[in-house]
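A quick write-up on the structure given underneath.
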Number of protein chains: 2
Amino acid sequence: MPKRAKKNEEASVEAGNDNKTEPQKKREKRAKEPEAPILYKDPTDKLTNKDGRAANIKMTSWNVDGLRAWVKKNGLDWVRQEDPDVLCLQETKCAEKALPADITSMPEYPYKYWAGSEDKEGYSGVAMLCKTEPLKVTYGIGKEEHDKEGRVITAEFPSYFLVTAYVPNAGRGLVRLEYRKTWDVDFREYLSNLDKRKSVVLCGDLNVAHQEIDLKNPKGNRKNAGFTPEEREGFSQLLAAGFIDSFRELYPEQTNAYTFWTYMMNARAKNVGWRLDYFVLSIALLPSLCDSKIRNTAMGSDHCPITLHLAI
Amino acid sequence: MPKRAKKNEEASVEAGNDNKTEPQKKREKRAKEPEAPILYKDPTDKLTNKDGRAANIKMTSWNVDGLRAWVKKNGLDWVRQEDPDVLCLQETKCAEKALPADITSMPEYPYKYWAGSEDKEGYSGVAMLCKTEPLKVTYGIGKEEHDKEGRVITAEFPSYFLVTAYVPNAGRGLVRLEYRKTWDVDFREYLSNLDKRKSVVLCGDLNVAHQEIDLKNPKGNRKNAGFTPEEREGFSQLLAAGFIDSFRELYPEQTNAYTFWTYMMNARAKNVGWRLDYFVLSIALLPSLCDSKIRNTAMGSDHCPITLHLAI
DNA sequence: CATACAACG
DNA sequence: CGTTCTATG
């Protein structure tokens, strides 16, 4: 697992040319297209906690489904508008040396951490970009069997741990459900141990819709990856261990709130989605919670980003 | 090897939609874009033979480098303008059942023949589309070892055989040169045997530049696939067996006449190319030869099409 | 550089 | 449906 942080690098340039093939046009598009539509800060974000204390930390998490494609689709323009203090990305599907200069050279985030799959190139992978330097950054959850796929980065800040995770998908036909169950147990133990030392913020694609309210089609998906009783129970046990689902805490009745839509069957246009991406907090952080939002207008992946505001 | 001819089929329709991802735009492009630039019949084509007899058959050969991509790039619009009596395609890289309706339903060519690789999907593959029905169509060259990759279709017409071929590439590092040499021997024997019965027109990607005049960079390519002494000698021996290279016959001094340019290094814009595609004729057809042309303005592949006019 | 495939989601 | 990989050219 790569353990280096990256600072700025020079961008490489590509010359344009004339005999336009499709892929050439694609590249030119990336290079020349002016900007993504301008997004303003969401005026509905609540920027104070229960006691009226002002939010002072903003975090965004996004499963980008291929970082290179997402960059070409101007995902970074959205990030610049959102301007979080920490940006966590999942499913980067990109070796560290293949990262686009657009992101490795981003001056807004001088502290950047990357984890990729050791065996399979272009599989899994997570990243964390920070405006301020963490006290310490670690990779994985301390168990050989889980730490070869670039799924977890943990950053220690003065008053909390920030963990970003891309939880293993149980797979078509649930071929990897048994593995997922062992993951859920070990990951919960990892988080509980952190929680004994400092409060924890966990964010990322947890690859489970917890309750029926968390996906459009609960009935039809009980035997599908992401909504099996085993995966839902795993999430319930995580909460029982002393954590809260920040979005559901604040919006307990909110229906049709999803963070993932399959590319198939025009699911996003019909909002046939799943809530798979979360900010999960140690109970001790509940007083610091200001808002937990789903940015479902941001395009560039089959997941949308989510943003958390804390007053710490 | 598929041995069925195909007639018309219904086109399938795709609904448009709004949340535009890159691949969606690609599909819409294919559906909605008006037309490729209009091409007129080449006024420099010579449409009579030496004796002034009028050409009465027109054939086009094109290595399309992936038929599905080529269709999306409006290759068929060019074909409709060119309007040959027979169209031969190489490197279709497409299973018969995956053929786009745009080509399977083309009414101009009621008689269509397809050959694909048996083992590797999306590899090799040739096709022949005819306005008039051949007396007989066969696939391969009658040798097990050569006939599993969908490289040859032979159509028998009243006064000649038409053979279209995609000759095996000798490969990077010449890994398949030995195989290519056995192919060259067996293919020559196949053509010679046909020639004993009726005159032969051979067209396609023969994967060799015969002489130094046939590629931009002869010096640098003597050890590269397509210009090794062995491959060039194979072509020489084919000619020695009673065949002629129709283009070179008519234009013996013509330099910078190529039919293939690698996509790399902007080779086509600089005309750094190779002449790999040929109409090779039985000597007996020499009196029928009117013209043999390279259509190097036609885009859609890393090869361009070539066209033959005969007065038979 | 570009077209195919497979694996994965 | 879309991103990645690999093989092939």
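The values are calculated or read from the model by the stated rules, or taken from the named source; none is laboratory data. If you're wondering where the values come from, they're calculated on a predicted model, not measured in any experiment. Positions of Cβ are generated from backbone atoms using ideal geometry, with glycine treated the same way; all protein chains shown enter the neighbour counts. Ligands, DNA and RNA are excluded from the accessible area calculation, which covers all protein heavy atoms including side chains. Shrake-Rupley method; radii C 1.70, N 1.55, O 1.52, S 1.80 Å.
Over region A:57-310, calculate the relative contact order: mean separation of alpha carbon pairs under 8 Å at least 6 apart, over the residue count, as a percent. For region A:57-310, the relative contact order is 19 percent. Summary value for region B:273-312: 40 percent relative contact order, contacts being C-alpha pairs under 8 angstrom separated by 6+ residues. Using a Förster distance of 22 angstrom, determine the FRET efficiency expected from the C-beta separation of B:K148 and B:A95, and round it to 0.05. It comes out at approximately 0.95.
Close amide H partners of A:A95, meaning residues 5 or more places away or on another chain with modelled amide H under 5 Å apart, are A:G122.
Measuring nothing but alpha carbons in region B:57-310 and taking Rh as the Kirkwood radius, the Rg to Rh ratio lands at 0.92. Loop-located GluC sites (Glu not before Pro) in region A:209-312 (DSSP state not H, G, I, E or B) with no more than 15 neighbouring Cβ atoms inside 10 Å: A:E253. Taking amide hydrogens as placed 1.01 Å from N in the peptide plane, the amide H of A:A225 sits under 5 Å from those of A:G173, A:L174, each at least 5 positions away in sequence or on another chain. The string of couplings for region A:47-55 from the Karplus curve (6.51, -1.76, 1.60, θ = phi - 60°) is 10, 9, 8, 3, 8, x, 6, 6, 4 Hz, one whole number per residue in order, with x for Gly and Pro.
Distant-in-sequence amide contacts of B:F161, defined by a placed amide H-H separation under 5 Å and a gap of 5 or more residues or a different chain, comprise B:S199, B:V200, B:V201.
Remark: the protein assembly as shown carries a charge dipole of roughly 320 debye about the Cα centre, counting +1 on each Lys and Arg Cβ and -1 on each Asp and Glu Cβ. Computed from the C-beta positions of A:S236 and A:T132 and an R0 of 35 Å, the FRET efficiency is 0.55 to the nearest 0.05. Taking the Cα atoms of region A:37-93, the ratio Rg/Rh between the radius of gyration and the Kirkwood radius comes to 1.06. With helices as the sole contributors, chain A gives -6000 deg cm²/dmol at 222 nm; each DSSP H run of n ≥ 4 counts as -39500 (n - 2.57), and the sum is divided by every residue. Remark: region A:176-184, residue by residue, has Karplus-estimated 3J(HN,Hα) of 10, 5, 4, 4, 4, 5, 5, 4, 4 Hz, where x stands for each Gly or Pro and the curve is 6.51 cos²θ - 1.76 cosθ + 1.60 at θ = phi - 60°.
Among the listed pairs B:K181/B:K216; A:K93/A:K131; A:K216/B:K97; A:K181/A:K223; A:K97/A:K293; A:K131/A:K293, those whose Cα-Cα separation exceeds 26 Å are A:K216/B:K97; A:K97/A:K293. The chymotrypsin sites (Phe, Trp or Tyr not before Pro) of region B:210-312 that meet both conditions, a loop assignment by DSSP and at most 14 other Cβ atoms within 10 Å of the site Cβ, are B:Y263.
Per residue, the solvent-accessible area of region A:57-310 (1.4 Å probe, heavy atoms of protein chains only, all protein chains present) comes to 38 Å².
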